[in-house]
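As structure tokens, the structure follows; a few thoughts come after it.
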Amino acid sequence: MIVEFIGCSGAGKTTLADAIERIGGPRSTISGTGLIVDHPGVRWISDPTAVNLAADVISFPSFLRALGRQKDFVTFAFDRLQRHAPSPFARYNYMLNVVRKLGVNEMARRAAARKTVLIDEGVVLSAYQLFVYSDAPFGHLDLERFARLVPLPDRIVYVRAPIDLLVDRAMTRLDQRRELAGRSPDELRRSLERAIELFDGLAMTEPIRDRLLTVDIGDDSARTRDAAVQEVARFVSPPVGSPEAKGSDDPERPATVEPAGTRARIGLIAFVGSEASGKSTILNEVGGWLGRDHVVRRIHAGKPPSTALTYVPHVLLPALRRLFPEQRSLRVEARLDADPRTRRRYSLLFALRSVMLAYERRAVITRAVARSPNGTIVLSDRYPSRTGGNPDGPQLGHLPLPPSRLSVRRVLAALEDRLYRDIPTPDLVFHLTAPLDVTLARNAARAKNEPEEYVRFRHAISADLRFDGTIVHRIDTDRELRDVLDEIEHAIDEASADAEAGAWRGSG
């Protein structure tokens, strides 16, 4: 289990983390700093600056291992720093800070299989460098995007304190942050108020609030501190039966991070449907509901991230779209659907893009399933259907193939089919539907809407999605959201109960 402490400078994050580490003992807990200094040649280091320098070196290989998965977050963070860092030195220093924190996070992820890792300077706290130490405005959408991109720990403890207490601590502490050193009380207050705005905003975002404990430190009394320590200790206590609770030293055993006493047996749930059918809204609500009792992981199988193999084509894709606009996948799909005669003349660029998408979809889904601890529920926005030509499914197999067995198109079609066959079947599928006029109206009302022709096309081809070997619930979203969510929640509860009963009968 990974537990990260967030909050303003001087709120008491390190004090709480140190107290929890002492309670847990060395067999069951370790700090983020401990991950760094627990190496030959650096165990004697205690100075914070020296520890950070050691962390830059020791964590860098772990950062490189994580870079493929965290490329979107790194791009987001570096882009914001490039535009808004207060100085060239700060830009370089904050980028290095992001690299170090991601590397330590990767080290923590590996250590979390056998211990509870307590981090008081973690990757979520990098929001401080991205949003606080500049005058650039930020809003809810910026924080929501950060929360969805940053690799989140299993638990987050948000430590809060009154602004007057924070200012007093900032004025008197010996190890003042460089950004706060030498500032007047009014300047410190403005900076800390901006930090409070940041963390209060992050605490309200859907990905973070479902794994968050907020602890208020109202004063410097020992009684207040001890009460906070006990509250945090209860929050981060590992579930009964987990490797952390048993003190296991087996690094191969997966960490059990589910808060509830029972383990979910419905592990992969897909939400499919046409544009503007309500997938994103419903996914947010269902994720929040499930997140109260389970660890929830979200993926987007419709727009999968690039892999190490497809990264370069992804970089080149915008330029290729400008050079060959008629070969954009959506335009080719619409053309093939409108005029069957064009099916014999689809381009190799379309075929290669289709295979690349199949490879990326297989990668994001299989990785999410394989790397999620027991009890985690994976929610997928869109999912590959086995029906050829339908959204997110095979695009080549249903098209006419050249007679020659040595044809490149024939080889690519076979490869695409193999990749889709390797994708695991979801445990549950919710096919969200709405009348065409409703989806058109919803699309028109969105901030970033799609062309009407595209919405009509996707609505038509989404009507017949096939998912063999799994339960599919067709859900009409043209009604009150609460009614839709009640139907979905009932279906998940029922499927979980059936799966649990089947597993019980099998074990007997």
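The values are calculated or read from the model by the stated rules, or taken from the named source; none is laboratory data. Keep in mind the model is a prediction, meaning the values are calculated, not measured. We place every Cβ from the backbone using ideal geometry, glycine too, and count neighbours over all the protein chains shown. These area figures cover heavy atoms from the full protein model, side chains too; ligands, DNA and RNA do not enter into them. Shrake-Rupley method; radii C 1.70, N 1.55, O 1.52, S 1.80 Å.
With the alpha-carbon atoms of region 74-164 aligned to their principal axes, the span from lowest to highest coordinate is 41, 31, 25 Å, starting with the largest. Quick one: net charge of Arg479's neighbours, Cβ under 14 Å, K/R +1, D/E -1? Result for the neighbourhood of Arg479: -3.
Heavy-atom accessible surface of Arg362, to the nearest 10 Å², is about 60 Å², with a 1.4 Å probe and all protein chains retained. Answer rounded, prolate or oblate for region 350-508, using the Cα gyration tensor with square roots of eigenvalues a ≥ b ≥ c: rounded when a/c is under 1.5, else prolate when a/b is larger than b/c, else oblate. Verdict is oblate for region 350-508.
Within the accessible area of region 150-219, the carbon and sulfur atoms contribute 47%, probe 1.4 Å, all protein chains present.
Can you give the net charge of the other residues whose Cβ lies under 14 Å from the Cβ of Asp18, counting K and R as +1 and D and E as -1? Residues close to Asp18 contribute a combined charge of -1. Between the beta carbons of Phe60 and Val411, assuming R0 = 45 Å, the FRET efficiency works out to 0.65 to the nearest 0.05. Using the Cβ atoms and a cut-off under 12 Å, what net charge is assigned to the surroundings of Ala227, where Lys and Arg are +1 and Asp and Glu are -1? Within the 12 Å Cβ shell, the charges total -1. Model label points for Lys448 and Glu480, set 7 angstrom from Cα along the Cα-to-Cβ axis, are 3.3 nm apart. Here the spin labels are modelled as points 7 Å beyond Cα on the Cα-Cβ line, and at Asp220 and Thr425 they lie 6.5 nm apart. Between the listed residues Ala351, Val411, Phe430, the Cα displaced farthest toward the positive end of the dipole of region 347-477, a dipole computed from Cβ unit charges relative to the Cα centre, is found at Val411. Length gained on full extension, Thr366 to Ala136: 78.9 nm, using 0.36 nm per residue less the C-alpha separation. Taken along the Cα-to-beta-carbon direction at a fixed 7 Å, the label points for Arg456 and Val315 span 4.0 nm. Heavy atoms of the protein chains alone define the surface here; on that basis region 139-232 has 51 Å² accessible area per residue at 1.4 Å probe size.
Ranked by the mean number of other Cβ atoms within 10 Å per residue, highest first, peptides 1-7, 455-461 order as 1-7, 455-461. Given their separation in residues at 0.36 nm each and the Cα-Cα distance between them, Ala227 and Asn52 gain 59.9 nm when the chain is fully extended.
Residue ranges 85-94, 300-309 sort as 300-309, 85-94 when ordered by packing (mean number of other C-beta atoms within 10 Å per residue, highest first). Considering only Cα-Cα distances, which of the following residue pairs are longer than 23 Å: Lys13/Lys101; Lys71/Lys303; Lys71/Lys115; Lys101/Lys279; Lys13/Lys115; Lys101/Lys303? Lys71/Lys115; Lys101/Lys279; Lys101/Lys303, as the Cα separations exceed 23 Å there. Using R0 = 56 Å, the C-beta based FRET efficiency linking Ser184 and Arg292 works out to 0.80.
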